[in-house]
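Okay, so here's the structure we're looking at.
The values are calculated or read from the model by the stated rules, or taken from the named source; none is laboratory data. Just so you know, these numbers come straight off a predicted model, no measurement behind them. Here the Cβ positions follow ideal geometry from the backbone for every residue, glycine too, while neighbour counts run over all protein chains shown. Ligands, DNA and RNA are excluded from the accessible area calculation, which covers all protein heavy atoms including side chains. Shrake-Rupley method; radii C 1.70, N 1.55, O 1.52, S 1.80 Å.
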Amino acid sequence: PWRRAWKKEAAGPPGTSVWLRPPDGRIHGAPADGETRCVPCRQLRRWAPAAAGPQKAADGTSEEFSVVYRFPGIKYCRVLSRLKLLQTATTLLVLPPVCYLHLQQQLPQAVLLYTAGIALFAAVVLYGMSYFFRRIIGLIYLSESGRTVKVAHLTFWGSRKDIYCPLETVMTLDEVGDARGELLLRFRRYNSTEILYFTIKYGQIVDRQKFMQIFGELQ
């Protein structure tokens, strides 16, 4: 009987506690009315495709954002980015002991050169992957007022970063000069030199009308 639906009264950020109250205001086995129960919060998924809650818009006000576009493959890009970081860190940690053993004449020079080559190759590949992955857009939102665009992409460390920009600063596909059939389309702004990329072929347009409101007509 005590397993009842609890009514959320207040919520904090991940890692805090949430005070919950049953619908009738009582907890089974407790005689006092209005008694509450403290339940730890669960950490939410950062890349959830559902509509976003209240967020800070470009002008500093709080607005509701809805998903316009999403790229399901962004989770795999995130995993690969973090795995490459782990591999590079492991390779760089192995290099000093190998150098020490070589100086102690316990390892031949070929092993040292081989290890150093692997470390250098891993660093170059990591830089190339991060340069590409952190420019791939995972989610595009539009505020309910239609004035602010929110873009979510990866950082160098594989975490999520949100960019807020006014709608009038976003270039349409015609202004960018990309054809609709291209694999990667550029996301550009008038007030920034940063270039991000998204794909219609492998991505999903959740709201076609709002997508055209941002990027213009689709042919």
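Table for the structure above
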{"item": "Net charge dipole size for the stretch 91-219 [Lys, Arg +1 and Asp, Glu -1 on Cβ; Debye, nearest 20]", "result": "200"}
{"item": "Gain in span if fully extended, Leu218 to Cys99, counting 0.36 nm per residue against the direct Cα distance", "result": "37.1 nm"}
{"item": "For Glu168, solvent-accessible area (1.4 Å; no DNA, RNA or ligand), Å²", "result": "130"}
{"item": "Where labels lie 7 Å past Cα in the beta-carbon direction, separation of Gln209 and Thr155 in nm", "result": "3.6"}
{"item": "Listed residues His102, His153 arranged by accessible area, highest first, probe 1.4 Å", "result": "His102, His153"}
{"item": "Nearest-10 value in Å² for the accessible area of Ile118, using the 1.4 Å probe", "result": "70"}
{"item": "Theoretical FRET efficiency, 1/(1+(r/R0)^6), r = Cβ-Cβ of Lys75 and Tyr127, R0 22 Å, to 0.05", "result": "0.50"}
{"item": "Å² of accessible area per residue within the stretch 106-157, as computed with a 1.4 Å probe and no ligands counted", "result": "51"}
{"item": "Percent carbon-and-sulfur accessible area, the stretch 93-219, ignoring ligands, DNA and RNA, probe 1.4 Å", "result": "59"}
{"item": "For Lys75, solvent-accessible area (1.4 Å; no DNA, RNA or ligand), Å²", "result": "120"}
{"item": "Principal axes of the stretch 54-172: Cα extent on each, largest first, Å", "result": "70, 23, 21"}
{"item": "Residue order for Arg82, Arg208, Arg70 - accessible surface, 1.4 angstrom probe, largest first", "result": "Arg208, Arg82, Arg70"}
{"item": "Relative contact order [Cα under 8 Å, 6+ residues apart], the stretch 67-219, whole percent", "result": "27"}
{"item": "Length added when fully stretched, Tyr114-Arg180, from 0.36 nm per residue minus Cα-Cα", "result": "19.2 nm"}
{"item": "For the stretch 80-137: rounded, prolate or oblate by the Cα gyration tensor [a/c cutoff 1.5]", "result": "prolate"}
